[in-house]
1. So what are the ³J(HN,Hα) numbers for region 158-166, from phi and the Karplus equation (6.51, -1.76, 1.60; θ = phi - 60°), rounded to whole Hz, Gly and Pro as x?
2. Would you please give the residues with an amide H less than 5 Å from that of THR88, counting only those at least 5 places away or on a separate chain, with H modeled from the backbone geometry?
3. I'd like the carbon and sulfur percentage of the solvent accessible area for region 24-82, probe radius 1.4 Å, heavy atoms only, ligands and nucleic acids excluded.
4. Counting every Cα pair in the chain, what percent are over 35 Å apart?
5. Taking the Cα centre as origin and putting +1 on Lys and Arg beta-carbons and -1 on Asp and Glu beta-carbons, what dipole magnitude results for region 186-321, to the nearest 20 debye?
6. For ASP179 and ARG104, what does the FRET efficiency come to when R0 = 30 Å and r is the distance between their Cβ atoms, rounded to the nearest 0.05?
7. If you take the square roots of the eigenvalues of the alpha-carbon gyration tensor of region 17-112 and sort them as a ≥ b ≥ c, do you get rounded (a/c under 1.5), prolate (a/b over b/c) or oblate?
8. Enumerate the calculated ³J(HN,Hα) couplings along region 68-76 in order (Karplus 6.51 cos²θ - 1.76 cosθ + 1.60, θ = phi - 60°), each rounded to whole Hz, writing x wherever the residue is Gly or Pro.
Amino acid sequence: MRRLLALIVLVLIALGGAAYWWLHQPLPVGAQALELAIEPGTTPRGVARDVVAAGVQTDARLLYAWFRFSGQDRAIKAGNYEIPPGTTPIGLLNKLARGEESLRALTLVEGWNWRQVRQALAREDQLKPDSAGLSDDALMAQLGRPGVHPEGRFFPDTYAYAKGTSDLALLRRALHAMDRRLEAAWAQRAADTPLKSADEALILASIVEKETGRAADRGQIAGVFVNRLRSGMLLQTDPTVIYGLGEKFDGNLRRRDLLADTPWNTYTRVGLPPTPIAMPGKAALLAAVQPERTRALYFVAKGDGSSHFSASLDEHNRAVNRYQRGQ
């Protein structure tokens, strides 16, 4: 009897040791991370089968037994996961129980226009393309902003998302992020700003974003445009003309383009254009509402990313001759 008990104890110890070893050994995944999709409502047994079906070379019955023995079998969450090389059964279960989904990231770049945003969304094959068949009006209605033009309404940043996320959900996050940033900037506006609303601040910020070649010039560029708004001068900023040309712009801005009237042509129309022309970042938003105090009414690119600022037209013309015409 004692021998039998001793044998049973030895067997249990051996099984326990084998189980401990297996739980701490990397699962046979291969050289590349595997993708695992767990649908809502999948049972723990089904999850174990899905893991094996994803390419993990192990016994689904062993995985299921581990899920049950751990007591976390009911904590496993649906989602999209990556199983990288080196993942142990313990690590796998912890990942599934915590819902640590594999995340992708999409960066919306400062200065991008709405057309570029839609192109970037279309390139993300892991995003669910719910917006693909929607017009701009229908898309904004889906986001709860019917009648609002989409240009400039999304904050440029990097957004992490899980595979299968709706692109509308990502856009909603970017929309709300811009709401917060714009509200915060508008609350810090200079007391004497000529801007009448946060929306006007957003429009001006988008122009500043497109005109800025060097970050240090951003505040002074905003100051030039604010001075022009106060005096009733035309803004005469090339990026608004280019925006109005849309896909017709071939990269070469001609004199006839400056004279071709569109709602965004600030050479032919006084004041701000009707919408933003791009997505401004935080610094451009702050520059628009807190512009640098300057006497300058003109600026011209110097060719090194910076700008030369002038208070008079004669000085500006000399700067243009020097930096643009090489005279």
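1. Coupling constants for region 158-166: 9, 10, 7, 8, 8, 3, x, 5, 5 Hz.
2. For THR88, whose amide H was placed from the backbone, the distant partners under 5 Å are LEU27.
3. With neighbouring chains kept in place, the figure for region 24-82 is 50 percent.
4. For the chain, the fraction of Cα-Cα distances above 35 Å is 45 percent.
5. That gives region 186-321 a dipole magnitude of about 180 debye.
6. So the FRET efficiency works out to roughly 0.80.
7. Prolate shape, in that a/c is at least 1.5 and a/b is the bigger ratio.
8. 5, 5, 5, x, 9, 4, 7, 8, 5
The values are calculated or read from the model by the stated rules, or taken from the named source; none is laboratory data. Everything quoted here is computed from the prediction, not taken from an experiment. For neighbour counting, all protein chains shown are included, and Cβ atoms are generated from backbone atoms with ideal geometry for every residue, glycine included. When the accessible area is computed, the model is the full protein with side chains, heavy atoms only, and any ligands, DNA or RNA have been set aside. Shrake-Rupley method; radii C 1.70, N 1.55, O 1.52, S 1.80 Å.
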